[in-house]
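Below: the structure, in C-alpha cells.
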Amino acid sequence: MSAKPKPGLDDLDYYELLGVDAQAGVDAIRAAFHAFARRYHPDNHTDDPKRHERATQIFRRGTEAYRVLLDRDLRFAYDGELRKGIKRLRSGVERRHASRIPKPLGPRARTFFAAAEQAQRGGDLKAAILQIRIALQHEPGSERLEAKLEELELLSAAERR
C-alpha cells in the first residue's frame, strides 16, 4: 500500500495554501499568512540553495493568495474561478491595489484647491467650482480634484432646487 503523494504547489488553491476555510474573515487570513510567512519566508531557508528556491516559489504564491483573499473584488473573482476548478487567478483578472494615500497635488493645483475650499466654507459654490476647474488645468486627471468638482457640482445643483 503506497502513501498518497503530497499535492504540488499548483494543486493547492489559495485557501488550502494558507490553511484557511473559504469563509475565513480578514483577521483569520492575516493570522494564517503570518504563520505561513514564518514557515516559508526565503530568508529562513538560506542554508540550501534548492530549499531557498523552493521556499521562494511557495512564498510568492502565498503572498499572491494573501493579496487576492484580502481584496473583496479579487476574492469574488477568484471564488468564481475556483468553482470552475481553476486554482490560481488568471493573469489579466488580477489588478494592483490602488494606493490608499492620495497623490499630493502640485503647488499650483494645491493653491486653487485651498481657494476652492475657502470659497465653499464661505458659501460661494460658484467660485469654488471655478477654482477646482482651474486646479484641474494644472493637474489634469487628478481623481481628488475630479471628486471635489463632482461634490461641488452636486451641492450647487441641490442648492438651486
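Points to keep in mind about this one:
- By the count of other C-beta atoms within 10 Å, a proxy for reagent exposure, LEU136, LEU154 are ordered fewest to most as LEU154, LEU136.
- Distance from the alpha carbon centroid of segment 21-83 to that of segment 113-131 works out to 47 angstrom.
- Translational diffusion coefficient of the chain (Stokes-Einstein, Kirkwood radius from Cα pairs, 4 °C, 1.567 mPa s): 65 µm²/s.
- Remark: SER156, SER142 ranked as SER156, SER142, counting other beta-carbon atoms within 10 Å and listing the fewest first.
- Convex hull (Cα only) mean projected area of segment 9-83, reported in nm² to one decimal: 4.8 nm²
- In segment 107-160, inverting the average of 1/r over every pair of distinct C-alpha atoms gives 10.7 Å as the Kirkwood radius.
- Each residue of segment 70-77 is assigned a 3J(HN,Hα), and the resulting list reads 7, 8, 4, 5, 5, 5, 4, 4 Hz, derived from the Karplus form 6.51 cos²θ - 1.76 cosθ + 1.60 (θ = phi - 60°), x at Gly and Pro.
- For trypsin sites (Lys or Arg not before Pro), the sites in segment 1-92 that DSSP calls loop and that have at most 13 other Cβ atoms within 10 Å are LYS84, ARG90.
- Cα-centre dipole for the chain with unit charges at Cβ (Lys and Arg positive, Asp and Glu negative), debye to 20: 160 debye
Just so you know, all these numbers are worked out from the coordinates, no wet-lab data involved. Given the structure is predicted, the values throughout are model-derived calculations rather than measurements. Backbone-built Cβ (ideal geometry, glycine too); neighbour counts: all protein chains shown.
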